[in-house]
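Scroll down for the structure; my scribbles are underneath it.
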Amino acid sequence: MGFFNSTIWVVITFLAFTALVAIISSLKTKGDNLESADGYFLASRSLPGYVIAGSLLLTNLSAEQLVGLNGQSWATNMSPSAFEVGSIFTLLFLAHYFLPRYLKMGTTTIPAMMEERFGKGVKLMFSVIIVLMYSFLNLPVILYSGAVAFVRIFNFDTLFNGNLFMAVCVLSVVIGIVGACYAIFGGLKAVAVSDTINGIGLLIAGFLIPFIALSVLGKETGGSGILDGWTYILNHEPEKLNAWSAWNSAQPNLPWPLIFTGMLFSNLYWWCTNQSFVQRSLAAESLAEGQKGAIYCGFLKCLGPLYLIFPGIIAYHMPAIQDVINSSTSPIDMAYPALIAHVVPTPIMGFFAAVLFGAILSSFNSVLNSACTMFTLDIYKDSKYGQGKTDAQLVKVSKTYGTFAAIISIIIAPFVMYANGITTFLNSLANFLSLPVLCTVLGVMWFRRAPKFTPYLITVIHFVVYGAFLLISPCYPGTTEEIHYLYAMAVLFPLYLIIMFVLSKVCPSEEYTVPDVGAVDLKPWKYRWHLTIIGLAVAAIFYFVFSPLCLAA
């Protein structure tokens with residue numbers, strides 16, 4: 001009876017929070033014009049800073065990240081924190097450099113902006129590749145990885161006699177349908193509002209987990225609470241608290257030089273030029289609100305190690321769950337689920353489940369919304385079928401494509417488990433696109449006399465060179481450890497900038513002038529530099545505290 005009552009309570013709290021998100025999102029978007037292109041795809045350019053911040057955070061965060069990053073810290077140290085804290089640098093680039101130019105040009109999609117500078121061929125090339133990748137790779141993998149994380153943490157497969165395939169099927173259908181409803185029927189604003197509410201829930205739950213876990217650790221190691229748990233970690237292998245890994249560390253460590261090179265360049269693509277992220281900032285009601293959103297999100301990312309990294313360190317030190325983790329076929333992926341199952345009390349388990357469900361939803365509906373936007377505005381609208389279509393007709397096309405993409409992703413998702421390495425393949429594919437997209441955007445802003453064939457040349461070179469790097473898999477000198485793939489980014493990005501500079505001098509085209517379409521108020525936020533300095537100080541303090549000079553001594 002106790003088990004039954006606890007299960008009922010978890011289900012009730014899960015449904016209550018999930019319903020609350022849906023109700024608030026519905027009220028916030030009630031009366032919005034979803035028949036116009038700006039209204040549907042860019043929320044009528046009306047998003048305030050706090051909504052942009054929450055949506056950016058949740059777009060980036062997935063259930064796979066919760067499991068994966070905590071698993072990496074369990075296996076290594078605090079160095080994976082760079083993926084969180086390091087994001088503040090690129091979000092500051094977005095706020096100060098990229099966003100003012102995007103909003104000045106009235107940018108709706110990144111490929112459309114490329115067309116203004118390099119022609120329709122470049123736009124079509126990137127649009128088709130990205131839409132196909134979003135629709136047939138990203139969306140199914142998001143559904144699958146989110147469903148598997150949910151299954152691991154809450155033992156959802158027990159409802160199906162341990163049948164993981166059936167559990168993933170059911171969860172993929174539920175997540176796919178709910179996420180599609182936000183993206184298809186509510187447009188970008190519904191996605192952004194739901195992301196913000198789920199973001200608040202995530203921060204609350206995220207802050208609770210390490211404190212609860214430290215309390216449990218303290219009691220299980222002979223103490224009485226949180227301080228004893230923290231003291232135990234400090235006194236037993238404090239090197240786990242080091243965020244600076246050696247330059248030739250093997251994955252999943254992040255070598256320290258990459259914090260300032262390869263990872264920074266990769267993050268410039270994700271935060272400053274990737275459509276599914278940038279679209280939230282493009283919908284800002286003004287430049288000031290867009291800058292607030294990007295900078296606020298930077299601070300939120302600095303809190304990421306608290307719930308994405310540190311719980312993995314606690315799991316490493318918790319004797320009670322080591323057998324559960326080590327007996328798993330994939331210990332690194334079991335560290336976080338085992339911790340959650342062991343320390344989270346029943347009264348808040350339903351809330352935590354709802355927050356996790358919201359994180360999965362956010363990743364899915366954000367990518368789906370961006371796929372719909374790019375398919376409609378960058379591919380269909382310019383085709384012979386889209387000529388002369390009204391905004392209402394374009395929105396209808398977007399909804400139709402969104403429905404198709406959602407159904408396809410739901411069908412594909414459960415079968416991802418039979419394709420070994422699909423997630424790794426997906427990440428590699430993203431890096432095939434990252435630098436060509438980033439360099440093409442910089443070609444619009446920096447290299448205004450670069451010839452129009454430049455994006456094609458950079459793309460071909462990158463596919464060949466980066467592909468060769470992955471095939472050869474070179475090792476660090478004197479070891480058998482493969483060189484981290486972000487070192488390739490560290491070398492190739494400066495190389496491409498040099499190529500673009502030389503082409504601008506050797507065979508210059510007519511100089512491109514960035515237009516000002518007057519889409520929104522371009523007055524910058526007056527406190528942007530104050531918060532920038534504070535943000536950089538926060539990142540510096542983090543890396544000092546989690547170093548051999550301080551906690552990891």
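Descriptive notes on the structure:
- Cβ-Cβ distances below 6 Å connect the following pairs, each with a first residue in segment 209-229 that is more than 14 Å from P311 (Cβ to Cβ) and in a loop (DSSP other than H, G, I, E, B), a second residue that is among the aromatic types (F, W, Y) and open to solvent by less than 70 Å² (accessible area, probe 1.4 Å), and a separation of six or more residues or different chains: T221/Y232.
- In this entry, T76 passes the filter for residues that are out of contact with any helix residue (DSSP H, G or I) (no Cβ under 7 Å at 6 or more places or on another chain) and at pLDDT below 95.
- Here segment 535-553 is the region considered, the condition is being open to solvent by 90 Å² or more (accessible area, probe 1.4 Å) and at pLDDT 95 or above, and the residue that is farthest from F118 (Cα to Cα) is F544.
- Among the residues listed as F156, F160, F185, the single one being in contact (Cβ under 8 Å) with a residue 24 or more places away in the chain and open to solvent by 10 Å² or more (accessible area, probe 1.4 Å): F185
- Any hit, segment 137-159, residues being modelled with pLDDT of 85 or more, in a helix (DSSP H, G or I) and more than 21 Å from the chain's Cα centre (by Cα): no
- Filter result (more than 30 Å from A284 (Cβ to Cβ) and surrounded by 12 or more Cβ atoms within 10 Å (Cβ to Cβ)) within segment 503-525: L503, S504, C507, P508, S509
- Here L92 passes the criteria (1) crowded, with 18+ Cβ neighbours inside 10 Å; (2) out of contact with any helix residue (DSSP H, G or I) (no Cβ under 8 Å at 6 or more places or on another chain) except the one numbered (2).
The values are calculated or read from the model by the stated rules, or taken from the named source; none is laboratory data. Since the structure is predicted, the reported quantities are computational estimates derived from the model, not experimental observations. Virtual Cβ from ideal backbone geometry, glycine too; neighbours counted across all protein chains shown. Protein only, heavy atoms only, side chains kept; ligands, DNA and RNA dropped before computing areas. Shrake-Rupley method; radii C 1.70, N 1.55, O 1.52, S 1.80 Å.
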